[in-house]
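A short write-up of the structure that comes next.
Every read-out reported here was derived from the displayed coordinates using simple, explicitly stated rules and does not represent laboratory data. All of these numbers come straight from a predicted model, not from anything done at the bench. Because the Cβ atoms are built from the backbone with ideal geometry, glycine has one as well, and the counts that use them run over all protein chains shown.
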Amino acid sequence: MARRSTQTPPPDEFEERILDIDVVDEMQNSYLEYAYSVIYSRALPDARDGMKPVHRRIVYQMSEMGLRPERGYVKCARVVGEVMGKLHPHGDASIYDALVRMAQPFSMRLPLVDGHGNFGSLGNDDPPAAMRYTECRMASATSLMTESIDEDTVDFAPNYDGQEQEPVTLPAAYPNLLVNGASGIAVGMATNMAPHNLGEVIAAARHLIKHPNADLETLMRHVPGPDLPTGGRIVGLTGIRDAYETGRGTFKIRATVAVENVTARRKGLVVTELPFTVGPEKVISKIKDMVGAKKLQGIADVKDLTDRAHGLRLVIEIKNGFHPEAVLEQLYKLTPMEESFGINNVALVDGQPLTLGLKELLEVYLDHRFNVVRRRSEFRRGKRRDRLHLVEGLLVALIDIDEVIRIIRSSENSAEAKQGLMDRFSLSEIQTQYILDTPLRRLTKFDRLELEAERDRLGQEIEELTRILESDAELRKLVSGELAEVAKKFGTERRTVLLESAGATAPTVPLEVADDPCRVLLSSTGLLARTATGEPFPEAATAKRTKHDVIVSAVPATARAEVGAVTSAGRLLRLTVIDLPMLPETAAPPNLAGGAPVSEFLTLEADETLVCLTTLDESSPGLALGTEQGVVKRVVPDFPAAKEELEVITLKAGDRIVGGAELRTGEEDLVFVTDDAQLLRYPAGQVRPQGRPAGGMAGIKLGSGAKVIAFHAVDPAADAVVFTIAGAGGTLDGTSQGTAKLTAFDQYPRKGRATGGVRCQRFLKGEECLVLAWAGAAPAMAADAKGAPVELPEADPRRDGSGVPLAKPVSSLAGPV
């Protein structure tokens, strides 16, 4: 079945007209309309108030809503709704994005919105919360943008549907475009303007008011360069000079970085300011990518320690063996820690997009400000003239108030009364109506005095406003003074540092630390460190005694080598020298105040201690070890590089290493000291070298219940001494300092291995055993448990003499390094 057509046929008088339009022309016209809309209604700011339409509409609507800085916050969704419904015929997302940016202190040099809630983070790493959660109101400086807008200072135009009026531009009491900058992409053009310091910009504007013919060099004395909200360092000023002259230029922004000791073992780069629009997450991500691709070396870890209390703090830990300064240069080259900023000062001037230099931007703003103040003055003068006209009429009526009352009472109606008053006192219609509307209670003698004072005041104000309007110099003086007040109230210190160049430090600093000779030191308080030289300290014997000055072990090495650490359990653990902190040059050797605890480098058992350090040189005479049960061992220098932990002796049950030393020549004497005051000395040649798993051989014959408390290797050709301390028990408890004896090493004769040795100290009444002993090159040094030095007694020529009391307890003994 055929379906009947429901279309209504055209009327008989209908005349069909079809226009043939070339598609190229249609596309061109449509594209031009679109481009015009984007350029003038969206993307480019006006050079007068520095705002795009959306920003202007937000500020104006907030002013109309009464969201003053002293008022409470309102939901951002409410502001967005008002702006979208009355002024801005676009989506709420674009309006809220613009509002958020105006509230971000890291985006605006002088924020225009006071935000309450999550408005995002630097680099948009953390996006802002939805507008239903955030709140806002006008910032303190925003009222200056709309100040006197109701005094006919700017033109208004219909909104998109003709039902509301919106300002074409704002009065703008300060140069907002230069202070806060702008960015936008239009059709065929774009703008990218850097923020500046408010005080500097106003200083340049005031100078231009006073000297209209000032050149760019003079203005740049006031505005040397951009002042970015995030601080940082601008490197190279040539591009800034070009931008201020032509409106286009490029400069580089670097992060603000300091080299600090981030841990006891490592130095790091602490970033406190990043380039404009760059967030920490972007930097961290790029660093990880570069490290993963092996394009960036020397980075151990990256931590973002940013918080509200301290602001931005990005810590980049540097591996030991790399110069932080050289790593920083690599970071500048390969990561967003250095970014280029291209200035393109495109703004609308009289409806035309123009590229403007610094002077042109200031001139456009000042012309706008002159016009605003002139229109404001005309408006205020008109208002005061109207008021003066009314006051003068009322004063005329008060002079003969009885006649005024008589005319009013005798009149049939208000129109007759008005005409009677106008004829009798020669008043205007406006004056007469005002008199008729004035309550009788105001027509007193006191009110007359007030009116006369008001008349005089209005006359003076009209005269002042007329002088401003008739004198260009007075107008300029007024604008300059108002700008000075703004700078005084809202000006802040410069945040961005301007540098002529980056300097020439990078080429002179190698990336990695050179493999220079050094010495690795172990202190009595368990600190490890390295020195800057491989030679012994010649001044060690005469150096001022300081905290941590007792070095119990020292071995030569190079910066990028490894050394061994021998523990009391018979283990040898590898230490990477470059991981150890370098002693500062100001630390008088052998001060180890800059060292780091052993626990940061090695994991030891609860009852395990570090006995000595040794090189891993397989050409050395070997490592000599002595145990608590009197065992001695010379370890064959065989330390495979693939193993981090090696066993250097097989200990008997209950035994432990009490001392060890790497032999330098093989001609040293090995020395045992027991707690029953026996000392045995014999040549190291009497001990046959053994492999690492061996258990050693008899080193000293111990008496009943005796144990070894010290073992050392001493060069017999050196000026050596033996230092012993006797006490009432196994240790000095801090209440009894014990007695000490210092004796020349040559007073003790050599004996055979595995013999009992000779007595080295006679016990006094109450003393039971030796608690500490040491043998080595003079001078001997002693320290308490905290590392503080302890004065030692004079040398005793008797090898078996008794000791003398100590001033305070001694915890460790050693000699010069």
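Starting from the amide H of C518, placed 1.01 Å from N in the peptide plane, find each other amide H under 5 Å away whose residue is 5 or more places distant or on another chain.
Under 5 Å from the amide H of C518 lie the amide H atoms of G534, A557, T558, A559, each far enough along the sequence or on another chain.
Take T153, T567 and order them by how many other Cβ atoms sit within 10 Å, fewest up front.
Numbers: T153 25, T567 22.
By the 10 Å Cβ count, ascending: T567, T153.
Tell me, in nm to one decimal, what length is gained between D289 and E16 on full extension, where the rule is 0.36 nm per residue of separation less the Cα-Cα distance?
In short, 91.6 nm is gained.
From the residues L296, T306, G268, which one has its Cα farthest along the dipole of the range 256-336 in the positive direction, the dipole being from +1 and -1 charges on Cβ of Lys/Arg and Asp/Glu about the Cα centre?
My answer, from the dipole projection, is L296.
Which one, S812, Y748, V396, is farthest towards the positive end of the dipole of the chain when Lys and Arg carry +1 and Asp and Glu -1 on their Cβ?
Looking along the dipole axis, the top candidate is Y748.
Would you kindly calculate the translational diffusion coefficient of the range 122-165, applying Stokes-Einstein with the Kirkwood radius from alpha carbon pairs, for 37 °C and a viscosity of 0.692 mPa s, and quote it in µm² s⁻¹ without decimals?
Estimated diffusion coefficient is 228 µm²/s.
State to the nearest 20 debye the size of the charge dipole of the range 685-817 about its Cα centre, where the only charges are +1 on K and R beta carbons and -1 on D and E beta carbons.
Working: 15 positive and 11 negative charges, 131 e Å.
About 620 debye.
Rounded to the nearest whole Å³, what is the per residue volume of the convex hull around the Cα atoms of the range 51-171?
96 Å³
Estimate the FRET efficiency between D92 and N29 by the formula 1/(1 + (r/R0)^6), using the beta-carbon distance for r and 45 Å for R0, to the nearest 0.05.
Efficiency at R0 = 45 Å is approximately 0.90.
So for the chain: antiparallel DSSP bridges make up what percent, rounded to the nearest 5? Show your work: numbers first, answer last.
Values: 114 of 123 bridges.
Counting only bridges with both partners in the chain, antiparallel ones make up about 95 percent.
Determine the dipole magnitude for the range 517-814: charges of +1 sit on the beta-carbon of Lys and Arg, -1 on that of Asp and Glu, nothing else is charged, the reference point is the Cα centre, and the result goes in debye to the nearest 20.
For this selection, approximately 640 debye.
Just add up the charged neighbours of D114: K/R +1, D/E -1, any other residue whose Cβ is under 13 Å from the Cβ of D114.
That sum, taken over residues with Cβ under 13 Å, equals +1.
Neighbour counts of other C-beta atoms within 10 Å: give me L440, L356, L521 arranged from fewest to most.
L440, L356, L521
Projecting each Cα onto the charge dipole of the chain (Lys/Arg +1, Asp/Glu -1 at the beta carbon, about the Cα centre), which of A103, G117, P158 comes out farthest on the positive side?
G117
Compute the FRET efficiency between S183 and E600 as 1/(1 + (r/R0)^6), taking r as their Cβ-Cβ distance and R0 = 35 Å, and round to the nearest 0.05. Could the numbers behind the result be given before it?
Working: r = 48 Å, r/R0 = 1.38.
E between S183 and E600, to the nearest 0.05, is 0.15.
Among residues other than A606 whose Cβ falls under 15 Å from its Cβ, what is the net charge (Lys/Arg +1, Asp/Glu -1)?
-1
In what order do M51, M108, M697 fall by count of nearby beta-carbon atoms within 10 Å, going from fewest to most?
Result, fewest neighbours first: M697, M108, M51.
Which value, in nm² and rounded to one decimal, describes the direction-averaged projected area of the C-alpha convex hull of the range 361-490?
Its average projected convex-hull area is 10.9 nm².
As an exercise, identify the trypsin sites (Lys or Arg not before Pro) in the range 761-817 lying in DSSP coil whose Cβ has no more than 14 other Cβ atoms within 10 Å.
Sites meeting the loop and neighbour criteria: K765, K786, R798.
How much length is gained if the chain between E245 and R455 is pulled fully straight, taking 0.36 nm per residue apart and subtracting their Cα-Cα distance, in nm to one decimal?
70.4 nm
Restricting to DSSP H runs of at least four residues, report the calculated mean residue ellipticity at 222 nm for the chain, -39500 (n - 2.57) per run over all residues, nearest 500 deg cm²/dmol.
Computed ellipticity for the chain at 222 nm equals -9000 deg cm²/dmol.
Hey, got the dipole for the chain? About the Cα centre, +1 on K and R Cβ, -1 on D and E Cβ, debye to the nearest 20?
Using Cβ point charges on Lys, Arg, Asp and Glu, the chain gives about 2980 debye.
What list of ³J(HN,Hα) values in whole Hz, one per residue of the range 303-319 in order, does the Karplus curve 6.51 cos²θ - 1.76 cosθ + 1.60 (θ = phi - 60°) give from phi, with Gly and Pro shown as x?
Listing the rounded values in order: 10, 9, 9, 5, 8, 5, 6, 10, x, 5, 8, 10, 9, 10, 6, 9, 5 Hz.
With label points built 7 Å along Cα→Cβ from the Cα atoms of K477 and T650, find their separation and express it in nm.
That separation, rounded to one decimal, is 10.6 nm.
Counting other Cβ atoms within 10 Å, keep those with at most 13, restrict to DSSP loop, and tell me which GluC sites (Glu not before Pro) in the range 27-85 are left.
Qualifying residues, ordered by number: E70.
Considering Cα pairs under 8 angstrom that are at least six residues apart, work out the relative contact order of the chain and quote it in whole percent.
With pairs under 8 Å counted, the relative contact order is 9 percent.
What number do you get for the range 256-336 when its Cα radius of gyration is normalised by 2.2 N^0.38 Å, N = residues?
The range 256-336 yields a ratio of 1.02.
Going down the table (K633/K741; K52/K252; K75/K489; K294/K643; K294/K333), which pairs top 20 Å between alpha carbons?
K633/K741; K52/K252; K75/K489; K294/K643
Starting at the first residue of the range 185-198, write each ³J(HN,Hα) from the Karplus equation 6.51 cos²θ - 1.76 cosθ + 1.60 with θ = phi - 60°, in whole Hz, x for Gly and Pro.
Working through the residues one at a time gives 10, 9, 9, x, 7, 8, 10, 8, 10, 8, x, 9, 6, 4 Hz.
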